[in-house]
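The values are calculated or read from the model by the stated rules, or taken from the named source; none is laboratory data. Note that the structure is a prediction, hence the values are computed from the model and not measured. Note that we place each Cβ from the backbone using ideal geometry, even for glycine, and neighbour counts take in every protein chain shown. Protein only, heavy atoms only, side chains kept; ligands, DNA and RNA dropped before computing areas. Shrake-Rupley method; radii C 1.70, N 1.55, O 1.52, S 1.80 Å.
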Amino acid sequence: MKRILFAASEGNPFIKTGGLADVVGALPKYLDKEKFDVRVVLPKYLCIPENCRQKLSYVTEFYADMPRGQEYIGIYETQVEGVWYYFIDNEHYFAGNSPYNQIFEDVNKFAFYCRAVLACLPELGFCPDIIHCHDWQAALIPVFLNVFYRENSFYKNMKTILTIHNQKFQGRWKIDDIENCRDLPADCRYGAMEAYGETNFLKAGILHANWVNTVSEAYAREIQCQEGGEGLDGVMREVSGKLSGIVNGIDVKEYDPMSDPQIRVHFNGKSITKKKKNKERLQDLLGLQKDSSAMVIGMVSRLTQQKGFDLVRAVMEEMMDTMNVQFAVLGTGEEQFQDFFRHFDWKYPDRVSATIGYSEELAHMIYGGADAFLMPSQFEPCGLSQLISMRYGTIPIVRETGGLKDTVEAYNEIWQTGTGFSFTNYNAHEMLAVVRYAYDVFCNHPKEWRAMMKRCMAMDNSWQASAGKYEALYLSL
């Protein structure tokens, strides 16, 4: 049996700020338990909800040599659906009301976390064959392993995988200001760890890991190009021989239109006409005009430029003037986009609903009740919303980038194939043209629209398919 340790800064159900937590919380459950002993190690943040903290059991505590001197490391554990979770305790680093604070605090905090993960393994009696590190917060584990631990027989044969969930975030700060990196040799601090005059955790992890993986095949190609590489495209081309992409999955139990308690009427591909009851409920709840002929477009997202909201802003008035569409928007983000949607909610109260905030219940209702789901992202490493929307027969309209390109097949009216609508260039009127196209099919070709809904619902976007690819990657190492 192969032993795998997941190392990440967040994971469901304990702490979540984004898609990383969904991956860390779901993937270990779907790996073959007869072939893999998979465990997860997270920071024991003070902001973990109390109901979760009460489930943690004390394991041990010890002190380890670090640049500041002897540092306390406590270890707690719990089990969720057959997976053991360990938690690194040190309130000096993990206090506060958020897992992430100012970057100058976070780089030192996660440097400590990376050191503590390696230091705690002998105390736990768990010697992983592979440490699967996620994003920049865990990217120094391969570095510390290679620099400080390789001579120790306990660590000698460990391999490392670094998964990049979003290359935009790299863990960058002034080279000499990161206390928990000061004992690294100069050729490492000013070599593998340095980029553009700063320390770069992600770059260091990429160069030191045995394998680098990202969350879609298209994104693995895009980060090797100047446009998508976020300054590290040269590094990504250098390591292309150890780089791959595996698209994320979704938890098909949580997002199941046949059992989801958040939607009014349950349905599947054979009873797809029942979905209209969920549309009616959504319109009623959000104060939208009850109009079955209106195409309800859902958006559940962070309201940021990365997600393409500047494109939406550029043509929103034109969409409202020329099509019978309604918008159901849920999310928080940049003030400019929050204000933009608030304005349209005020201007078109029976056609636009903007909920600034987050509600899991409302998110499910939008997935289950909308006709289409708009994701015009500037870049999207994987994206989960398009996978969830397809699960509910809600047709995605996406820009062809990253995971959106890998998971949404463009509609072909001649061959009657496809699972959504897509556009190529990051351009507002190109997006508008494809929304018009989707609207035309919705209004004038209902039979073809229903067939596309059924194709979406028949897609296997579960973690089962992705887990098999991760198992093959683990075994290859």
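Rounded to a whole number, what % of the accessible area of the stretch 151-285 do carbon and sulfur atoms account for, probe 1.4 Å? Walk me through the numbers on the way to the answer.
Numbers: 2980 of 6370 Å².
Of all accessible area on the stretch 151-285, carbon and sulfur atoms account for 47 percent.
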Item to complete: Can you work out the accessible area per residue across the stretch 377-433, with the rest of the protein chains kept in place, probe 1.4 Å, in square angstrom?
Response: 34 Å²
Worksheet item: Can you pull the semi-axes for the stretch 33-101, root of five times each eigenvalue of the Cα gyration tensor, sorted largest first, whole Å?
Response: 23, 17, 11
Practice prompt. Please work out the Cα center distance from the stretch 347-387 to the stretch 60-89, rounded to the nearest Å.
Written response: 38 Å
Worksheet entry | Mean-position separation - Cα centroids, the stretch 6-59 and the stretch 414-463, in angstrom | 36 Å
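When DSSP beta bridges are limited to those with both residues in the chain, what percentage is antiparallel, rounded to the nearest 5? Can you show the working numbers first?
Numbers: 22 of 72 bridges.
That works out to approximately 30 percent antiparallel.
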Worksheet item: Angle, helix 275-286 long axis vs. longest principal axis of the chain, Cα atoms, 0 to 90°, nearest 10?
Response: 80 degrees
Item to complete: May I ask for the percentage of alpha-carbon pairs in the stretch 11-73 that lie more than 20 Å from each other?
Response: 47 percent
Worksheet item: If you roll a 1.4 Å probe over the stretch 321-466 with all protein chains in place, what percent of the accessible area is carbon or sulfur?
Response: 50 percent
Fill in: Estimated FRET transfer efficiency when R0 is 45 angstrom, pair Asp65-Ser359 (beta carbons, to 0.05)
0.45
Fill in: For the chain: Kirkwood Rh in Å [reciprocal of mean 1/r, alpha carbons]
23.5 Å
Worksheet entry | Mean separation of Cα contacts under 8 Å, 6 or more apart, over the residue count of the stretch 4-153: relative contact order % | 27 percent
Practice prompt. Apply the Kirkwood formula to the stretch 191-287: the hydrodynamic radius equals the inverse of the mean of 1/r over all pairs of different alpha-carbon atoms; give it in Å with one decimal.
Written response: 17.1 Å
Fill in: Tilt relative to the chain, helix 360-369 - C-alpha long axis, 0 to 90 degrees, to 10
40 degrees
Item to complete: Treating the angle as unsigned and between 0 and 90°, give the value, to the nearest 10°, between the Cα long axis of helix 335-347 and the longest Cα principal axis of the chain.
Response: 20 degrees
Fill in: Whole-angstrom gap from the stretch 267-327 to the stretch 147-216, using each part's C-alpha centre
43 Å
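Which percent of the accessible heavy-atom area of the stretch 32-93 goes to carbon and sulfur, probe 1.4 angstrom? Don't jump to the answer; show the numbers that get you there.
Working: 1280 of 3100 Å².
The nonpolar share, carbon plus sulfur, comes to 41 percent.
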Worksheet item: Ignoring ligands, DNA and RNA, what accessible area per residue does the stretch 1-107 give at 1.4 Å, in Å²?
Response: 44 Å²
Discussion item. Accessible area per residue for the stretch 168-251 in Å², computed with a 1.4 Å probe and the full protein assembly in place, what is it?
Written reply: 42 Å²
Fill in: Estimated dipole of the stretch 63-195 in Debye, rounded to 20 [Cβ of Lys and Arg +1, of Asp and Glu -1, Cα centre]
360 debye
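Stokes-Einstein D for the stretch 341-477 at 20 °C, 1.002 mPa s, Kirkwood Rh over Cα pairs, in µm²/s?
On the way: Rh = 16.3 Å.
In µm²/s, the coefficient is 131.
What value, in deg cm²/dmol to 500, does the helix sum -39500 (n - 2.57) over DSSP H runs of n ≥ 4 give at 222 nm once divided by the residues of the chain? All intermediate terms of the calculation are to be shown ahead of the outcome.
Values: 17 runs with 173 residues, N = 477.
One gets -10500 deg cm²/dmol as the mean residue ellipticity at 222 nm.
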